[in-house]
Amino acid sequence: STGFRAPSLPQIHFSSTFTNVVAGQLFDQVIAPNTSPLAKQVGIPELKEETSNNFSMGFVAKIGKKFNLTVDAYQIKVKDRIVLTGLFDTNDDKIGGILQSMNVGAAQFFTNAVDTKTRGADVIATYGTNLGQGKLNVTLAANFNNMDIEAIHTTPLLEGKEDIYFGVREQYFLLASAPDYKINL
(Lines give C-alpha, C1' and ligand atoms only; values in the text may rest on other atoms or scores of the structure.)
Protein backbone atom coordinates (compact mmCIF):
# COMPACT_ATOMS: atom_id res chain seq x y z
CA SER A 1 0.00 0.00 0.00
CA THR A 2 0.99 3.63 -0.25
CA GLY A 3 0.26 6.57 1.98
CA PHE A 4 1.06 10.15 2.80
CA ARG A 5 1.09 12.45 5.81
CA ALA A 6 0.70 16.17 5.41
CA PRO A 7 2.86 18.49 7.52
CA SER A 8 1.22 19.43 10.80
CA LEU A 9 0.48 23.06 11.63
CA PRO A 10 3.15 23.11 14.37
CA GLN A 11 5.75 21.78 11.92
CA ILE A 12 4.89 24.59 9.50
CA HIS A 13 4.43 27.47 11.94
CA PHE A 14 6.22 26.58 15.20
CA SER A 15 8.54 29.30 16.42
CA SER A 16 10.81 29.44 19.41
CA THR A 17 13.30 32.13 20.41
CA PHE A 18 15.41 32.30 23.50
CA THR A 19 18.33 34.48 24.38
CA ASN A 20 21.55 32.72 25.27
CA VAL A 21 24.73 34.11 26.82
CA VAL A 22 28.06 32.70 25.70
CA ALA A 23 31.35 34.27 26.82
CA GLY A 24 29.47 37.38 27.92
CA GLN A 25 27.79 37.85 24.53
CA LEU A 26 24.00 37.77 24.07
CA PHE A 27 22.54 36.02 21.03
CA ASP A 28 19.16 34.66 19.97
CA GLN A 29 18.78 30.95 19.31
CA VAL A 30 15.68 30.15 17.26
CA ILE A 31 13.60 27.41 15.78
CA ALA A 32 12.45 29.38 12.76
CA PRO A 33 9.02 28.73 11.25
CA ASN A 34 9.22 26.96 7.94
CA THR A 35 7.52 29.92 6.26
CA SER A 36 9.75 32.58 7.87
CA PRO A 37 12.05 34.98 6.01
CA LEU A 38 15.02 33.34 7.76
CA ALA A 39 14.07 29.86 6.49
CA LYS A 40 13.63 31.26 2.98
CA GLN A 41 16.98 33.09 3.04
CA VAL A 42 18.92 29.97 4.03
CA GLY A 43 17.13 27.93 1.36
CA ILE A 44 14.81 25.77 3.48
CA PRO A 45 11.97 24.72 1.13
CA GLU A 46 8.31 24.78 2.12
CA LEU A 47 7.25 21.56 3.79
CA LYS A 48 5.55 18.96 1.63
CA GLU A 49 3.81 15.72 2.53
CA GLU A 50 5.72 12.62 3.57
CA THR A 51 5.01 9.64 1.33
CA SER A 52 5.23 5.97 2.23
CA ASN A 53 5.22 2.51 0.72
CA ASN A 54 4.16 -0.37 2.92
CA PHE A 55 4.46 -4.09 2.37
CA SER A 56 2.98 -6.48 4.90
CA MET A 57 1.98 -10.09 5.24
CA GLY A 58 0.81 -12.28 8.02
CA PHE A 59 -0.97 -15.39 9.15
CA VAL A 60 -3.40 -16.57 11.81
CA ALA A 61 -3.27 -20.00 13.38
CA LYS A 62 -5.68 -21.68 15.77
CA ILE A 63 -3.93 -24.45 17.64
CA GLY A 64 -6.44 -26.65 19.39
CA LYS A 65 -9.43 -25.01 21.05
CA LYS A 66 -7.54 -22.74 23.44
CA PHE A 67 -4.56 -21.20 21.65
CA ASN A 68 -4.48 -18.60 18.84
CA LEU A 69 -1.42 -17.08 17.18
CA THR A 70 -1.15 -14.18 14.75
CA VAL A 71 2.05 -12.99 13.13
CA ASP A 72 2.31 -9.94 10.90
CA ALA A 73 5.54 -8.80 9.25
CA TYR A 74 5.96 -5.42 7.58
CA GLN A 75 8.31 -3.05 5.83
CA ILE A 76 7.53 0.66 5.63
CA LYS A 77 9.59 3.12 3.60
CA VAL A 78 8.95 6.80 4.36
CA LYS A 79 10.27 9.37 1.89
CA ASP A 80 10.77 13.06 2.75
CA ARG A 81 10.20 12.56 6.47
CA ILE A 82 9.79 15.87 8.31
CA VAL A 83 12.48 16.41 10.93
CA LEU A 84 14.07 19.22 12.93
CA THR A 85 17.56 20.07 11.70
CA GLY A 86 20.60 20.38 13.86
CA LEU A 87 21.73 23.78 15.12
CA PHE A 88 23.43 26.11 12.62
CA ASP A 89 25.30 29.08 14.09
CA THR A 90 27.06 32.21 12.90
CA ASN A 91 30.33 30.31 12.48
CA ASP A 92 28.85 28.32 9.61
CA ASP A 93 30.75 29.08 6.41
CA LYS A 94 27.63 28.95 4.22
CA ILE A 95 24.80 30.52 6.24
CA GLY A 96 26.61 32.16 9.17
CA GLY A 97 26.53 35.54 7.44
CA ILE A 98 22.78 35.26 6.79
CA LEU A 99 22.18 34.45 10.45
CA GLN A 100 24.31 37.42 11.56
CA SER A 101 22.52 39.79 9.16
CA MET A 102 19.18 38.76 10.75
CA ASN A 103 20.59 39.12 14.30
CA VAL A 104 20.28 35.39 14.98
CA GLY A 105 23.10 33.54 16.72
CA ALA A 106 21.89 30.00 15.96
CA ALA A 107 18.92 28.44 14.17
CA GLN A 108 17.09 25.17 13.52
CA PHE A 109 14.40 24.42 10.94
CA PHE A 110 11.70 21.85 10.22
CA THR A 111 12.34 20.33 6.79
CA ASN A 112 11.71 17.22 4.65
CA ALA A 113 15.20 15.80 5.06
CA VAL A 114 15.16 12.07 5.70
CA ASP A 115 14.16 8.79 4.06
CA THR A 116 13.67 5.87 6.45
CA LYS A 117 12.96 2.16 6.21
CA THR A 118 11.33 0.27 9.09
CA ARG A 119 11.07 -3.50 9.19
CA GLY A 120 9.28 -5.36 11.90
CA ALA A 121 6.92 -8.01 13.11
CA ASP A 122 3.91 -8.12 15.43
CA VAL A 123 3.23 -11.38 17.26
CA ILE A 124 0.10 -11.96 19.33
CA ALA A 125 -0.57 -15.22 21.17
CA THR A 126 -3.80 -15.77 23.14
CA TYR A 127 -4.77 -18.63 25.41
CA GLY A 128 -8.14 -19.11 27.04
CA THR A 129 -9.30 -21.81 29.43
CA ASN A 130 -11.91 -22.42 32.06
CA LEU A 131 -10.65 -21.84 35.57
CA GLY A 132 -13.00 -22.85 38.36
CA GLN A 133 -16.30 -21.06 37.74
CA GLY A 134 -14.61 -18.40 35.62
CA LYS A 135 -12.43 -18.14 32.57
CA LEU A 136 -8.73 -17.31 32.29
CA ASN A 137 -7.59 -15.38 29.22
CA VAL A 138 -3.89 -14.68 28.65
CA THR A 139 -2.49 -12.54 25.85
CA LEU A 140 1.14 -12.10 24.92
CA ALA A 141 1.72 -9.28 22.42
CA ALA A 142 5.14 -8.44 21.05
CA ASN A 143 6.48 -6.03 18.45
CA PHE A 144 9.99 -6.24 17.03
CA ASN A 145 11.16 -3.29 15.00
CA ASN A 146 14.22 -1.95 13.21
CA MET A 147 14.36 1.52 11.67
CA ASP A 148 17.19 2.62 9.39
CA ILE A 149 17.92 6.06 7.99
CA GLU A 150 18.44 5.47 4.28
CA ALA A 151 19.19 9.00 3.09
CA ILE A 152 19.62 12.56 4.34
CA HIS A 153 18.65 15.28 1.87
CA THR A 154 20.05 18.77 2.41
CA THR A 155 19.21 21.92 0.52
CA PRO A 156 21.54 23.03 -2.28
CA LEU A 157 23.00 25.81 -0.11
CA LEU A 158 23.75 23.36 2.72
CA GLU A 159 24.98 20.45 0.60
CA GLY A 160 27.85 18.66 2.33
CA LYS A 161 26.58 19.69 5.78
CA GLU A 162 24.61 16.50 6.50
CA ASP A 163 26.47 16.13 9.82
CA ILE A 164 24.75 19.34 11.02
CA TYR A 165 21.60 19.26 8.87
CA PHE A 166 20.57 15.94 10.43
CA GLY A 167 23.45 15.02 12.72
CA VAL A 168 24.08 12.10 15.03
CA ARG A 169 22.08 13.66 17.90
CA GLU A 170 18.98 14.19 15.73
CA GLN A 171 19.37 10.70 14.24
CA TYR A 172 19.35 9.16 17.72
CA PHE A 173 16.16 11.05 18.58
CA LEU A 174 14.43 9.76 15.44
CA LEU A 175 15.60 6.17 15.90
CA ALA A 176 14.56 6.20 19.59
CA SER A 177 11.01 7.07 18.51
CA ALA A 178 10.63 3.48 17.28
CA PRO A 179 11.97 1.15 20.00
CA ASP A 180 13.56 -2.15 18.94
CA TYR A 181 10.95 -4.17 20.79
CA LYS A 182 7.91 -3.99 23.04
CA ILE A 183 6.41 -6.97 24.84
CA ASN A 184 3.19 -7.04 26.88
CA LEU A 185 1.68 -9.94 28.80
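The values are calculated or read from the model by the stated rules, or taken from the named source; none is laboratory data. Here the structure is a predicted model, which means the values were calculated and not measured. No Cβ is skipped: glycine too gets one built from the backbone with ideal geometry, and neighbour counts run over all protein chains shown. Please note that ligands, DNA and RNA were not included when accessible areas were found on the heavy atoms of the full protein model with its side chains. Shrake-Rupley method; radii C 1.70, N 1.55, O 1.52, S 1.80 Å.
The set of residues in the stretch 93-106 that are closer than 27 Å to Phe173 by Cβ, open to solvent by 20 Å² or more (accessible area, probe 1.4 Å) and not aliphatic (A, V, I, L, M) comprises Asp93, Lys94. Looking at the stretch 1-85, the strands (runs of 3 or more DSSP E) lying wholly inside it that each contain 1 or more residues that are acidic (Asp, Glu) sit at 25-32, 50-63, 67-84. Restricting attention to the stretch 120-136, the residues that are at pLDDT 95 or above and not in a strand (DSSP E or B) add up to 0. Taking the criterion of being surrounded by 11 or more Cβ atoms within 10 Å (Cβ to Cβ) and either among the charged types (D, E, K, R) or modelled with pLDDT under 95 (or both), the residues of the stretch 174-185 that qualify are Leu174, Leu175, Ala178, Pro179, Asp180, Lys182.
Considering only residues that are touching a Phe, Trp or Tyr at 6+ places or on another chain (Cβ under 9 Å), touching a residue at least 40 places away in the same chain (Cβ under 8 Å) and open to solvent by 50 Å² or more (accessible area, probe 1.4 Å), which ones fall in the stretch 107-136?
Taking the stretch 107-136 first, the residues touching a Phe, Trp or Tyr at 6+ places or on another chain (Cβ under 9 Å) are 107-111, 113-114, 118-123, 125-128, 136.
This time we only want the ones that are touching a residue at least 40 places away in the same chain (Cβ under 8 Å), so: 107-111, 113-114, 118-123, 125-128.
Of everything in the stretch 107-136, those that are touching a Phe, Trp or Tyr at 6+ places or on another chain (Cβ under 9 Å), touching a residue at least 40 places away in the same chain (Cβ under 8 Å) and open to solvent by 50 Å² or more (accessible area, probe 1.4 Å) turn out to be Arg119, Asp122, Tyr127.
Could you give me the residue pairs with C-beta distances under 8 Å whose first residue belongs to the stretch 20-34 and is within 17 Å of Gly86 (Cα to Cα) and of a type outside the set (Gly, Ala, Ser), whose second residue is open to solvent by 50 Å² or more (accessible area, probe 1.4 Å) and in a loop (DSSP other than H, G, I, E, B) wherever it lies, and which are 6+ apart or on separate chains? Listed pairs, sorted by first residue: Asp28/Asn103; Gln29/Leu87; Val30/Ser15; Ile31/Phe14; Ile31/Ser15; Pro33/Phe14; Pro33/Ser15; Asn34/Glu46.
Would you check which residues across the stretch 145-157 are in contact with a Lys or Arg (Cβ under 9 Å, 6 or more places away or on another chain), closer than 30 Å to Ala121 by Cβ and touching a residue at least 40 places away in the same chain (Cβ under 8 Å) and list them? Once the filter is applied, which keeps residues that are in contact with a Lys or Arg (Cβ under 9 Å, 6 or more places away or on another chain), closer than 30 Å to Ala121 by Cβ and touching a residue at least 40 places away in the same chain (Cβ under 8 Å), the stretch 145-157 yields only Glu150. Residue under question is Gly160, and the condition is that it be open to solvent by less than 70 Å² (accessible area, probe 1.4 Å), free of Cβ contacts under 8 Å to residues at least 12 places away in the same chain and in contact with a Lys or Arg (Cβ under 9 Å, 6 or more places away or on another chain); does it hold? Yes: the conditions hold for Gly160. Scanning the stretch 10-28 for residues that are touching a Gly at 6+ places or on another chain (Cβ under 9 Å) and among the hydrophobic types (A, V, I, L, M, F, W, C), we see that the one that is most open to solvent (accessible area, probe 1.4 Å) is Leu26. For the stretch 137-157, does any single residue satisfy the condition of being exposed (fewer than 15 other Cβ atoms within 10 Å of the Cβ), of a type in the set (Ser, Thr, Tyr) and part of a strand (DSSP E or B)? Checked against the condition, which is being exposed (fewer than 15 other Cβ atoms within 10 Å of the Cβ), of a type in the set (Ser, Thr, Tyr) and part of a strand (DSSP E or B), the stretch 137-157 yields at least one hit.
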